[in-house]
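*Asks:* The structure that follows is given in the form of structure tokens.
The values are calculated or read from the model by the stated rules, or taken from the named source; none is laboratory data. As the structure is a prediction and not an experimental result, all values here were calculated from the model. As a convention, Cβ positions derive from the backbone with ideal geometry for all residues, glycine included, and neighbour counts pool all protein chains shown. Side chains included, ligands, DNA and RNA excluded: accessible areas come from the protein's heavy atoms. Shrake-Rupley method; radii C 1.70, N 1.55, O 1.52, S 1.80 Å.
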Amino acid sequence: MIRLDGISKSFGSHAALNGIDLELQDGEFVALLGPSGSGKTTLLRIIAGLAFPDRGTVRFNSEDVTHLKVADRKVGFVFQHYALFKHMSVAENVGFGLSVRRRRERPSKQHIRARSLELLELVQLGGLGERYPAQLSGGQRQRVALARALAVEPQLLLLDEPFGALDAKVRKDLRRWLRQLHEQMGLTTIFVTHDQEEALELADRVVVMDHGVIEQVGTPEQVYMEPATPFVAEFVGETNRLPGGLHVRPHDIEIVPSGGQPVLVDNVFRKGGVWRVEGTLDSGEVVEIDMDASLTPPAGGESILIQPRRSRTFPSNGATA
Amino acid sequence: MTRDPRSLGAAQVALIAAALAFIGLFLVLPLIAVFTQALAKGFGPYFAALAAPDALSAIRLTLLVAAISVPLNIVFGIAAAWAIAKFDFPGKSLLVTFIDLPFSVSPVVAGLIYVLLFGAQGWLGPWLMDHGIRIIFAVPGIVLATIFVTFPFVARELIPLMSEQGRDDEEASLSLGASGFQTFIRVTLPNIRWGLLYGVLLCNARAMGEFGAVSVVSGHLRGITNTMPLHVEILYNEYNFVAAFAVASLLALLALVTLVLKSIVEWRFDYQCRSAGH
């Protein structure tokens, strides 16, 4: 179990984190989701021991590790740009954590090598041990970085924007594969992302952050369906802001024959499995509506009537609903 | 632009010709002159001049000074570059300015600073004399002046390189359980090795070739405190041209070897940068 109490951290006059409380269970797969500058990476680094909070405590299984250095925390950290050692072969990279152990605890060279190759098999890179990082693709480097982090048998795996630098197809494959690995190895995994789709698809629980505070902690379902704040509603999934402080998802708007609000259609295009209709309300707000692909969409310039099927309001001060 | 980019216009030809003429006149011609003068009376006098006791002692002293000041500069340079590139602390920009100071101060002034500090009439001079320590007009002064003059070479080479590489590799190493020392030896040093070698080459060339600062603190004691550049000057002032140019040719040779090594390092460096795993 990981417990954070009142974590605060400033860089100069800029408050990166402001009173973060969070509890994570063993075996959980957690996403720290937020825009850049939300403090999510700083929080991950504080959990890892790569950065230290100005105030507050970090506990692993009720042991206070706040002032413990990264080397003593038994965490695996995967960096955004992988940080592979480019002068070492892939197998040497993976074995690095074992090879720097104190002599008494250090396995033999043969053992380290065998273990490295085993881990490379695990991350589906068997046979690439003799290559150098520069000779690998982005997705392969990512998996080497993972194997290297796993070699020291961490209880906790931390990943900073793990899929940020990869193209869409590779990203999708790697995501599914990471999820499997997490379950197979019984790890506790925390990853940082600014991609809400990634967080919702992958995580058991999502921690939504903005401006150094936690906006909401919940399952992907909760965060999407019951956003706690206007920020969460807008950051996670798409949302329309209608008059009266109504937040409505594009797929929760219905086009009705009568009794709705009039909308002037500006643009219609195909968006995956649905029609996306963009229009303007009389009051000037832009509205996005998703329509079943089997229906005939309205044309640009046409006037339609809409009605929200499901909506959310937040108190105007922006505090928790 | 419809012109074939490979064909050169008159302006380009003129510019290239001017550059080549400049290099030929100011760099290549003097270099040739050094060797022709040195060998003007054949190989016999040339080697005799190099084998003269004073020449040999100047060569020995120059090598000794380089052997002391270059390793010290490697240590200082890496330490300074490491601190500047990887950590934030108050006074950082001041430190960067100080590292550049030897580039902006005349070497003669650098020499005079040490005379003022350690000379017989200097601040610490009387105390040093009481304890029988000689710095000015002796080898320690020459080493100090050389270290001062060559200080920026290693640090200047490493700071941009280490800043660009960031802290990720080091943090990765630490997160895998390595100690600070292991991280330095196994991760940082290999990452900067070509840049470091480049800086060391330049530092060494300067350490062996420095004239101004060394001239002030050396006292020109023949066979005792004369480095090669100083010895060249003495021989030249005595109208002993063959000997002067013979010793000078060694320094010129050193410069050429440095240039060749530097090109090789640059080529390797470039290769490493291009294949850098990101």
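*Asks:* So what is the relative contact order for chain A, in percent, with contacts set as C-alpha pairs under 8 Å and at least six apart?
*Replies:* The normalised contact order for chain A reaches 17 percent.
*Asks:* If the cut-off is 30 Å between C-alpha atoms, which lysines fall inside it for A:Lys86, apart from same-chain ones fewer than 8 positions away?
*Replies:* A:Lys40, A:Lys69, A:Lys74, A:Lys109, A:Lys169, A:Lys172, B:Lys86, B:Lys92, B:Lys262
*Asks:* Turning to a different aspect of this structure: Give the carbon-plus-sulfur fraction of the accessible surface of the stretch B:1-151 in %, rounded to a whole number; probe 1.4 Å, heavy atoms of protein chains only.
*Replies:* 77
*Asks:* Additional query: At 1.4 Å probe radius, can you tell me the per residue accessible area of the protein assembly as shown in Å²?
*Replies:* Accessible surface, normalised per residue, equals 50 Å².
*Asks:* Still on this structure, I have one more. So which chymotrypsin sites (Phe, Trp or Tyr not before Pro) in the stretch B:168-252 are both in a DSSP loop and have at most 15 other Cβ atoms within 10 Å of their Cβ?
*Replies:* In loop regions of the stretch B:168-252 (DSSP not H, G, I, E or B), the sparsely surrounded chymotrypsin sites (Phe, Trp or Tyr not before Pro) are B:Tyr239.
*Asks:* Between B:Ala178, B:Ala246, B:Ala18, where does the largest GNM mean-square fluctuation fall for chain B, given springs only between Cα atoms within less than 10 Å?
*Replies:* Top of the fluctuation ranking is B:Ala18.
*Asks:* Quick check on chain B: take the gyration tensor over C-alpha atoms, sort the square-rooted eigenvalues as a ≥ b ≥ c, and tell me if it's rounded (a/c under 1.5), prolate or oblate.
*Replies:* Oblate.
*Asks:* Hey, another quick one. Of all chymotrypsin sites (Phe, Trp or Tyr not before Pro) in the stretch B:21-95, which ones are in loop regions per DSSP and have a Cβ with at most 12 other Cβ atoms within 10 Å?
*Replies:* Numbers: sites: B:Phe22, B:Phe26, B:Phe35, B:Phe43, B:Tyr46, B:Phe47, B:Phe76, B:Trp82, B:Phe87; in loops: B:Phe87.
Passing both the DSSP loop test and the Cβ count: B:Phe87.
*Asks:* Another question, if that's okay. Rounded to the nearest 500 deg cm²/dmol, what is the calculated helix-only ellipticity per residue at 222 nm for chain A, with -39500 (n - 2.57) per DSSP H run of length n ≥ 4?
*Replies:* -7500 deg cm²/dmol
*Asks:* I would also like to ask the following. Which residue fluctuates the most in chain A, going by a Gaussian network model with Cα springs under 10 Å, if the choices are A:Ser62, A:Ser137, A:Ser13?
*Replies:* Result: A:Ser13 has the largest fluctuation of those listed.
*Asks:* Across peptide A:74-87, what mean number of C-beta atoms from other chains lies inside 10 Å of a residue's C-beta?
*Replies:* Mean partner-chain Cβ count within 10 Å for A:74-87: 5.
*Asks:* Roughly how large is the B-A contact in terms of buried accessible area, totalled over both chains, probe 1.4 Å, nearest 100 Å²?
*Replies:* Using a 1.4 Å probe, the pair buries roughly 2100 Å².
*Asks:* Mind grabbing the accessible area of B:Met228 for me, 1.4 Å probe, Å², rounded to tens?
*Replies:* Looks like 20 Å² after rounding.
*Asks:* Tell me the angle of helix A:109-122 to the major Cα principal axis of chain A, expressed in degrees between 0 and 90 and rounded to the nearest ten.
*Replies:* For helix A:109-122, the angle is close to 20 degrees.
*Asks:* Same structure again: At 1.4 Å probe size, with the rest of the protein present, what percent of the exposed accessible area of chain A is carbon and sulfur atoms?
*Replies:* Roughly 47 percent of what the probe reaches on chain A is carbon or sulfur.
*Asks:* Just which residues of the stretch B:133-177 lose 50 Å² or more accessible area with every protein chain there, against their chain alone, with the probe set to 1.4 Å?
*Replies:* Buried by the other chains: B:Asp168, B:Asp169, B:Glu171, B:Ser175, B:Leu176.
*Asks:* For a quick check: with amide H placed at 1.01 Å from N, whose amide H comes under 5 Å from A:Thr66's, ignoring anything fewer than 5 positions away on the same chain?
*Replies:* It is A:Val58, by chain and number.
*Asks:* What list of ³J(HN,Hα) couplings, whole Hz, do you get for the stretch A:231-238 from phi and the Karplus terms 6.51, -1.76, 1.60, once you set θ to phi - 60° and write x for glycine and proline?
*Replies:* 4, 5, 4, 8, 7, 9, x, 8
*Asks:* Another question, if that's okay. Amide H of A:Val78: which non-local residues (sequence gap of 5 or more, or other chain) have their own amide H closer than 5 Å, using H built in the peptide plane?
*Replies:* A:Leu158, A:Leu159, A:Asp160
*Asks:* Considering every residue in A:95-102, what mean count of other chain Cβ atoms within 10 Å of its Cβ is obtained?
*Replies:* Details: counts 1, 8, 6, 2, 5, 10, 4, 2.
Counting other chains' Cβ atoms within 10 Å and averaging over A:95-102 gives 5.
*Asks:* Taking the Cβ of A:Phe235 as the centre, find all other residues whose Cβ is under 15 Å away and add up their charges (Lys, Arg: +1; Asp, Glu: -1).
*Replies:* Numbers: positive: A:Lys40, A:Arg241, A:Arg249, A:Arg312; negative: A:Asp195, A:Glu197, A:Glu198, A:Asp210, A:Glu215, A:Glu226, A:Glu234, A:Glu238.
Taking every other residue near A:Phe235 into account, the sum is -4.
*Asks:* Per DSSP helix of 4 or more residues, -39500 (n - 2.57); summed, then divided by the residues of chain B. What does that give at 222 nm, rounded to the nearest 500?
*Replies:* Helices in chain B give a 222 nm mean residue ellipticity of -24500 deg cm²/dmol.
*Asks:* Roughly how much of A:Arg55 is accessible, in Å² to the nearest 10, using a 1.4 Å probe?
*Replies:* About 150 Å², ignoring ligands and nucleic acids.
*Asks:* Moving on to the next point. Hey, in the GNM for chain B with a 10 angstrom Cα cutoff, which one of B:Ala138, B:Ala244, B:Ala48 fluctuates hardest?
*Replies:* Checking each option, the largest mean-square fluctuation is seen for B:Ala48.
*Asks:* Charges at C-beta only: +1 for Lys and Arg, -1 for Asp and Glu. How large is the resulting dipole of the protein assembly as shown about its Cα centre, in Debye rounded to 20?
*Replies:* 2480
*Asks:* Sort A:Lys172, B:Lys92, A:Lys109, A:Lys69 by heavy-atom solvent-accessible area, probe 1.4 angstrom, most to least.
*Replies:* A:Lys109, A:Lys69, A:Lys172, B:Lys92
*Asks:* Which residues' amide hydrogens lie under 5 Å from the amide hydrogen of A:Arg55, considering only partners 5 or more residues apart or on another chain, with H built in the peptide plane?
*Replies:* Correct list: A:Ser8.
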